[in-house]
Structure formats: structure tokens, C-alpha cells
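To keep things clear, I will list the structure first and then write my remarks on it.
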Amino acid sequence: MKFFNKLVITLFVAALLFPLAENTVQANDSKGTEFWIAFPDNYPRPGVNNQSTYFQQLLITSNYNTSGIVSIPGIGFSTNFSVSANSSVIVQFPLTVDVNASDVITDWGIHVTSLDDITVYGMNKSVQASDGFLALPLDVLGKEYQVLGYRNVGVVNGNQFLLVGTVDGTVVTITPTVTVGTRTAGVPYNITLNQSETYLLRDTNGLPSDLTGTRISSTEPVGLFGGHQSANIPRGFVSDDHLVEMIPPMSTFGRSFITVPLATRLNGDFFRVIASEDSTSVQINGVAQAPLSANQYLEVNLTDAASILSDRPILVAQYSASSTFDGVLGDPFMMLVPPDEQYCSTYVAKTPAAGFSGNYLNIVSPNEAVGSITLNGVPIPALDFTQVAGTDYSYARIPVSPGDYILNSDYRFGCHVYGFNFLEGYGYPAGQSAWRLADVVEIESGPEQSTGTVGSEHCVETRVTDGNGGPLAGIRVDFEQRGSNPGGGFSYTNDSGYATHCYIGYVGGIDTILCRYYEFVDTLFKTWDSPQPVELSSFTSVIQDREVKLYWSTSAEINNSGFDVERSASGSAWSKIGFVTGNGTTTLPKNYEFTDGSLVSGRYSYRLKQIDFNGNYEYFNLSNEIEIGVPEKFDLSQNYPNPFNPSTKINYTLPRDGNIALSVFDNSGRLVSKIAEGFKTAGYYSIDFSAANLSSGIYFYKLEFNASGQNFAKTLKMTILK
């Protein structure tokens with residue numbers, strides 16, 4: 001069942017966070033073994049034309065010892081690299097490789113391959129004009145994109161985007177938002193890219209011209225870079241600086257974002273939010289913004305950490321301001337803000353090796369993970385984190401020296417790397433997942449209705465699919481229980497598209513369970529019945545001569561005082577023959593046994609009367625009837641107890657029918673009592689003898705049997721002690 005509520009703009013705040021091990025998911029993130037990337041042109045600075053002051057380089061990290069190749073097929077360049085686990089290597093190009101020519105197909109695509117997963121950062125470095133980007137691997141690239149950059153303000157007019165082809169003969173359709181040369185605003189045009197070919201479009205119009213919102217579609221996956229040759233942020237402030245980020249495909253856009261202010265900046269940072277669909281509603285810290293149409297963006301200045309929520313997929317970027325905006329060290333750069341749905345649980349982050357006097361890590365953590373995220377093996381202190389108002393997240397801004405940084409957690413968290421120098425800055429995400437969040441078109445949850453016993457576990461599943469019915473992995477589904485057992489949590493879909501939520505119902509009644517992915521909501525129902533105090537898993541018996549051993553096991557017990565053991569002989573009334581103490585309340589299996597001895601021949605039934613501490617009880621019957629058969633020989637057993645006062649029990653066995661006499665004599669041989677006499681059938685016998693009218697002393701009891709010439713007699717001694 002599916003219910004759609006287009007007014008929903010906030011994500012259900014989960015009551016519980018589950019560790020990542022809950023689902024098995026094939027990784028789909030910024031780590032990979034093959035990349036196609038390129039560098040959009042940096043603004044040329046007068047006198048800056050040598051490789052020591054103007055260059056492009058790749059910063060490569062990995063969780064593994066691995067190696068690979070970096071090549072630029074179009075110019076015949078190739079170099080090998082190797083990297084040790086949890087460290088990095090820098091590949092610097094021996095010549096300038098950024099793409100300068102606009103509206104022309106060139107061949108400056110950079111191909112990176114490796115034996116094991118790596119993370120790749122690109123750094124375009126010049127004097128007072130630098131920025132970096134997080135590269136996306138080939139398996140993440142898509143066919144539908146939106147350009148995100150920054151406007152021209154009349155100083156350096158150079159907002160731009162760059163495409164790189166991955167498959168020969170790829171047809172790319174571009175619909176620009178502004179007119180650039182012969183390319184008319186709003187009019188689609190096509191280009192064809194072969195593998196490794198590149199295409200840059202630079203907008204040199206004046207204020208406020210901006211290619212942001214330009215739509216890109218292609219017949220095969222391509223890579224897209226957005227930014228600016230050298231932007232002033234905001235208008236009216238200097239100086240300008242290079243902007244670049246590799247833009248993820250629209251299928252990976254999200255709806256829930258946490259932003260963190262850059263360290264040292266006094267007047268905050270600028271953020272752009274671009275909508276992929278019409279009628280997109282956005283809230284910033286709970287305050288509704290004007291609705292956005294597809295390809296439209298809003299720009300805000302935020303001075304504190306913030307929450308950005310939308311009801312449709314959006315892309316968010318953070319921009320560092322020009323140095324004169326607040327008079328501190330730094331300058332513009334651009335870094336994408338991954339949605340919290342695209343956080344990772346591990347990063348091997350890398351800062352540039354040199355050129356920046358201050359480097360920082362911004363970390364966004366679920367509150368449950370605060371204090372447990374490790375940085376190079378050492379937990380980041382909880383005191384370093386600050387709560388993001390109105391959310392379940394906290395953030396930390398950590399100054400670091402140039403180098404490699406390994407971050408790990410049992411929970412998904414966000415991380416950015418950035419830094420400043422005089423009139424200069426850089427920034428990029430340390431990594432991100434790339435789940436196809438925006439492709440969700442249906443969820444299907446179950447079981448729709450079910451009944452269970454209080455104290456047991458109940459699990460529900462939600463399957464998330466795309467428009468073709470295919471499963472979507474890595475999608476966060478929120479679950480809310482309403483009714484007798486309120487609560488909730490969230491889970492991520494596995495490779496088969498399933499998210500699972502389990503909980504134990506401790507209270508009888510009915511729960512309504514909401515399974516939610518934004519406006520997609522399924523409603524399920526669970527009825528909880530009061531449990532039996534004891535769940536009996538087995539009840540068996542074993543016969544040994546005239547003894548019956550009873551064995552039973554429980555799988556769970558609630559408030560169990562114990563068991564009365566009851567017996568019925570040949571259909572007669574039930575009588576209690578013993579009690580076995582229970583184990584109170586437990587979910588562990590428990591085993592019990594009881595022995596019923598000295599039975600006479602006959603047929604017997606047994607049952608257990610389970611009693612709780614409130615006096616309530618229920619019966620469990622042994623499924624089979626017990627038969628005590630005929631003994632093999634005559635015998636007279638020693639009485640017990642002995643000595644005794646005033647009564648004792650005497651047992652004897654008869655292997656055949658006949659007349660018996662069971663008599664008691666004093667020490668002189670005088671008959672003092674006739675206990676039993678007459679005809680008896682073969683079997684086991686037990687008789688109680690009372691010596692209430694006899695004085696203390698030694699006595700003898702004698703069994704005599706006679707039948708068809710077969711005789712048996714046996715005498716034993718007993719003692720009365722008063």
C-alpha cells in the first residue's frame with residue numbers, strides 16, 4: 001500500500017540510530033578503481049606561468065596497499081603510482097592540464113585506474129587562486145545533471161562548466177540558462193564526445209550572468225565540473241578566487257542537509273540550493289523559503305550551523321567569502337554539501353601538502369556517535385562537538401596540519417576538508433556515498449497485518465524501487481511505531497532494495513507502524529497478544545522398573561513460580577505428587593525433571609500444573625499413558641523409613657497371581673499384626689504399616705505366597721523407635 005503526501009517536507013526524526021552492520025550493501029560512493037576527470041581553467045595571473053606556482057595535481061588516498069596509472073590519452077601522458085594503506089600519494093602533472101578553450105571539444109580527459117578502491121581529489125593551484133574537488137568514480141557517473149557554479153559580478157566574468165566523455169559517440173544535450181556566444185538561453189543543443197574528450201563552456205557576460213541551472217543530459221555517462229574561473233563572493237567584495245567541484249548526477253540529489261560554518265570566518269558563508277523539480281519547498285532551520293522551480297536556486301548567508309530540508313531532491317553548495325567580507329585570512333572556494341543520506345562511515349582524507357597556512361576538518365556526526373568517531377585511531381572528544389539546533393546532529397571544526405587523516409565510525413557521518421592562505425582557499429568533501437536517492441518512485445512494506453505474543457520480536461520490511469521496478473540500495477527508510485509500543489528507528493536498504501526494522505513488543509494491544517521515505521508512506525498493523533506465562537517446548541517420560549521419570553523444557557517463562565506434578569491412576573482423580581520450583585521470568589531455555597517412584601502395576605497419566613506468582617495457573621498434559629507392568633521375580637523390600645515412628649512403607653513384588661500373607665511378629669515370634677492377606681494379581685505392591693499400638697523394639701515382617709504348588713517366603717527385620 002502506498003500513501004503520498006506532497007506536503008511532507010521534513011524527515012521523520014528517528015528515535016533510534018542503528019549501526020551500519022544492520023544491512024549488507026554493496027558500496028556505492030566516491031571510492032573506486034576507475035575515474036574520468038578533468039580540470040576547468042583557473043584564471044591566469046600575471047607572471048604566473050611556471051610549474052612551481054601554477055599547476056594541477058591529484059591527491060590519491062586508499063584504505064589498501066594498491067597501485068595504478070594516471071594518463072591523459074589525448075596528449076600521450078601516462079605515469080604510474082602506488083599508495084600505502086591509509087595514506088596518500090600526490091601525482092603532479094608536468095604541464096598545465098586545465099581546459100581553457102570555450103565551446104570547443106578538446107582532449108584533456110584524465111584517466112585514473114587502480115587495482116583497489118582509491119579516493120581522488122583534484123587540486124588546481126595558483127598564486128592566490130586555488131580550489132580542489134572530490135572526484136567521482138566511473139560507476140557513480142550518470143546521464144542527467146544540473147550545473148552549479150557562481151554568478152559573474154563584473155570583475156572576472158568566467159562562470160563555467162566542463163564535461164568529460166567516458167564512452168565513444170556519446171551525444172550530450174545542453175540547455176543553457178544564459179546565452180553564451182551562439183548558444184541561446186533555453187535552447188537545447190547537442191555535442192558528441194568520445195572517451196577522454198572534454199568540452200568547456202565559459203560565460204563571459206557581465207553581472208548577473210550565471211550558467212547555474214543549465215541542464216545536461218547524455219546517452220552515456222559523463223563527468224561534469226561546475227564553478228568559476230575566479231569569483232568574487234559576494235558582489236562588492238574582493239578578492240576573487242577559483243571555484244570548482246565535480247557535480248554528482250541528479251539521481252543522487254538529497255533532501256536533508258546539515259551545514260557547518262567555516263572555521264575562522266566571522267561573517268558566515270554563502271550557500272546555494274538548486275532545485276531539480278518544480279514546486280520544490282525548502283526550509284532552513286524550520287523557516288520556509290520561497291518555492292523553487294526546476295533549475296532555480298536560492299542563495300543565503302548563514303553564520304551558524306543549519307538544517308536545510310526540502311520535499312524534493314536538491315543540490316547544496318557552500319561558498320567561502322572573499323577576504324574583505326570579514327577581513328580574515330581566506331578567499332572564495334566552493335565545496336558541495338552532501339545530504340546526510342549520503343554520509344559515509346569511513347574516510348581517508350588528504351590536505352594539500354603545502355601552500356595553506358591553516359587546514360581544517362569539518363565533521364557532522366549523529367548525536368549517538370559523538371565521542372566515538374576516531375581520527376587516526378583516536379576518538380575525537382565529545383567536548384569538541386556542538387549541537388546543531390533542532391536536529392539529531394552535532395558538528396566539530398578541527399584544525400589539522402598538512403597530511404593524511406583516517407576517520408572511522410560505526411555510524412555514517414559527514415566530513416569536509418578545507419584551508420586558507422593569504423587571499424586564497426580550497427575545500428572539498430572528504431567523500432560521500434552516491435545512492436540513487438532521487439530515483440525512488442515506490443515503496444512496498446509488509447507484513448500489512450500480523451499478530452504476535454507480547455515479549456517477542458516483530459520485523460517489518462520496506463522495499464524501495466525505481467521507475468522500472470528495480471531495487472535501490474542505500475536508501476534510508478524511517479520507521480515509526482504508534483500505539484501500545486511507541487518508538488522507531490531507521491534502516492538503509494540493502495542491494496535487493498530492502499530495509500528492515502525490528503523491535504520487541506512489551507505491551508499488549510495494537511501498533512500502527514509507519515514506513516516512510518519522505519512523501520512515500522506505508523502503514524502496517526501489529527496486534528500483540530498477552531503471552532502464556534510459560535512456553536513448554538517438550539514434555540516426555542522414561543519408565544525404569546516401577547519408577548517414572550518426567551522431563552520437560554521451557555523456551556521462555558514469565559512470572560513462573562513453579563510446577564505441581566499431578567498423577568491419575570487408571571482414570572481416577574488427579575492427585576498432587578510433588579512440586580518443582582520455576583525460574584521466574586527468563587527468555588532462556590530451562591530444563592526440569594521429576595521422579596515418581598515405587599509405583600504399583602497399573603496405568604497412569606501425568607500432568608503439570610504451572611503456577612505463576614499471582615496464583616494463576618494452566619495445565620500441560622503428558623501426551624502418552626504410562627503402564628507399570630509385571631515384575632520378573634518375587635521380592636520383599638526393606639521397609640522405609642527404618643527405624644520409624646509410627647508408620648513405614650513396605651513394598652513387594654509378585655511375578656504371578658496367588659494368595660499372600662504379609663504379617664508382623666515381635667522379637668519372640670508372636671504374631672502382632674496381619675498387614676495384608678488374600679488373593680493378589682501379579683504386580684508391584686506398596687503398603688503403609690502403622691505401629692501406633694506397638695511399643696518400641698525389634699520386629700520382623702514376613703511375606704508368604706502360595707499358588708498351584710509354587711511357594712515363596714521372605715522375612716526382614718524392622719525397628720520401631722518411640
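Values quoted throughout were computed directly from the atomic coordinates according to the rules given, and no laboratory measurement underlies them. The shown structure was predicted, so the numbers you read here are calculated from the model rather than taken from an experiment. FYI the Cβ positions are ideal-geometry reconstructions off the backbone, even for glycines, and counts take in every protein chain you see.
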Query raised in the report: What shape does the range 29-429 have by the C-alpha gyration tensor, where a ≥ b ≥ c are the square roots of the eigenvalues, rounded means a/c under 1.5, and otherwise prolate means a/b greater than b/c and oblate the rest?
Result: rounded
Query raised in the report: Where in the range 141-176 does the amide nitrogen come within less than 16 Å of the point 7 Å from the Cα of residue 289, taken along Cα to Cβ?
Result: 147-151
Query raised in the report: Leaving out same-chain residues fewer than 8 places away, which lysines sit with a Cα under 27 Å from that of residue 714?
Result: 633, 649, 674, 680, 702, 722
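Step by step: find N for the range 46-128, compute 2.2 N^0.38 Å, then divide the Cα radius of gyration by it. What's the final number?
Numbers: Rg = 14.1 Å, N = 83, 2.2 N^0.38 = 11.8 Å.
With N residues counted in the range 46-128, Rg over 2.2 N^0.38 Å equals 1.19.
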**Report entry** Cysteines having no other Cys beta carbon under 4.7 Å from their own, within the chain
**Finding:** 344, 415, 515
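Stick to the Cα atoms of the range 193-299, pair each with every other, and give me the Kirkwood hydrodynamic radius in Å at one decimal. Intermediate results must be reported in sequence, preceding the final value.
Values: mean 1/r = 0.0606 Å⁻¹.
Computed over the range 193-299, the radius equals 16.5 Å.
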**Report entry** Evaluated over the range 141-217, the Cα radius of gyration and Dmax, each in Å
**Finding:** 12.6, 38
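Going by C-beta contacts inside 10 Å, put 36, 574 in order with the fewest on the left. Provide the component values of the computation, followed by the final result.
Working: 36 23, 574 15.
So the residues, fewest neighbours to most, are 574, 36.
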Report summary line: Filtered hits (aspartates and glutamates, Cα-Cα < 18 Å from residue 717, offset >= 8 within chain) -> 635, 666, 688, 704
Report task. Rounding to the nearest 20 debye, state how big the charge dipole of the range 94-165 is about its Cα centre with +1 on each Lys and Arg Cβ and -1 on each Asp and Glu Cβ. Result -> 300
Query raised in the report: With a Cα-only, solvent-free Debye model of the range 264-345, what are the log10 I(q)/I(0) values at q = 0.15, 0.22 Å⁻¹?
Result: -0.58, -1.05
Report summary line: Labelled set (i) 31.4; (ii) 26.2; (iii) 29.0; Kirkwood radius over Cα pairs in Å computed from this model equals the value at (i)
Requested in this report: Bin all alpha-carbon pair distances of the range 415-518 at 5 Å intervals from 0 and give each bin's fraction as a whole percent.
Outcome: 2, 11, 19, 16, 12, 11, 9, 7, 5, 4, 3, 2, 1, 0
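Once the cut-off is 17 Å, how many percent of the Cα-Cα pairs in the range 534-628 end up in the long-distance tail?
On the way: 2094 of 4465 pairs.
Within the range 534-628, distances greater than 17 Å cover 47 percent of Cα pairs.
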Requested in this report: Compute the distribution of all C-alpha to C-alpha distances in the range 354-455, in bins of 5 Å from 0, and list the percent of pairs in each, rounded to whole numbers.
Outcome: 2, 10, 17, 16, 14, 11, 10, 7, 5, 3, 2, 1, 1, 0
Report task. Quote the FRET efficiency, to the nearest 0.05, computed for residue 367 versus residue 593 with a Förster distance R0 of 60 Å and r equal to the Cβ-Cβ distance. Result -> 0.75
Query - Test item: Cα-centred dipole of the range 534-628, Lys/Arg +1 and Asp/Glu -1 on Cβ, debye - result: 120
Query - the range 73-190: radius of gyration over Cα atoms, expressed as a fraction of 2.2 N^0.38 Å - result: 1.25
Query raised in the report: Nearest-5 percent of antiparallel DSSP beta bridges in the chain?
Result: 95
Report summary line: the range 601-722, Kirkwood Rh and Cα Rg, ratio Rg/Rh at 1.12
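Just subtract the alpha-carbon distance of residue 686 and residue 510 from 0.36 nm times their residue separation and send over the number in nm, one decimal. The partial results should precede the final answer.
Values: separation 176, 0.36 × 176 = 63.36 nm, distance 5.68 nm.
Extending this stretch completely gives an extra 57.7 nm.
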Report task. Might you report the magnitude of the Cβ-based charge dipole of the chain about its Cα centre, with Lys and Arg at +1 and Asp and Glu at -1, to the nearest 20 debye? Result -> 2420
Report task. Could you tell me which of 76, 188, 644 has its Cα farthest along the dipole of the chain towards the positive end, charges placed at Cβ (Lys, Arg +1; Asp, Glu -1), taken about the Cα centre? Result -> 644
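How large is the convex hull of the Cα atoms of the range 481-524 per residue, expressed in Å³ as a whole number?
Roughly 80 Å³ of hull volume per residue.
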Query raised in the report: Dipole of the chain (Lys/Arg Cβ +1, Asp/Glu Cβ -1, origin at the Cα centre): which of 568, 655, 282 lies farthest to the positive side?
Result: 655
**Report entry** aspartates and glutamates with Cα under 16 Å of residue 576, excluding same-chain neighbours fewer than 8 positions away
**Finding:** 564, 566, 593, 596, 618
Requested in this report: Arrange 652, 121, 699 by Cβ neighbour counts within 10 Å, fewest through most, would you?
Outcome: 699, 652, 121
Report summary line: Loop-resident trypsin sites (Lys or Arg not before Pro) in the range 445-521 with no more than 13 other Cβ atoms inside 10 Å, DSSP not H/G/I/E/B, are none
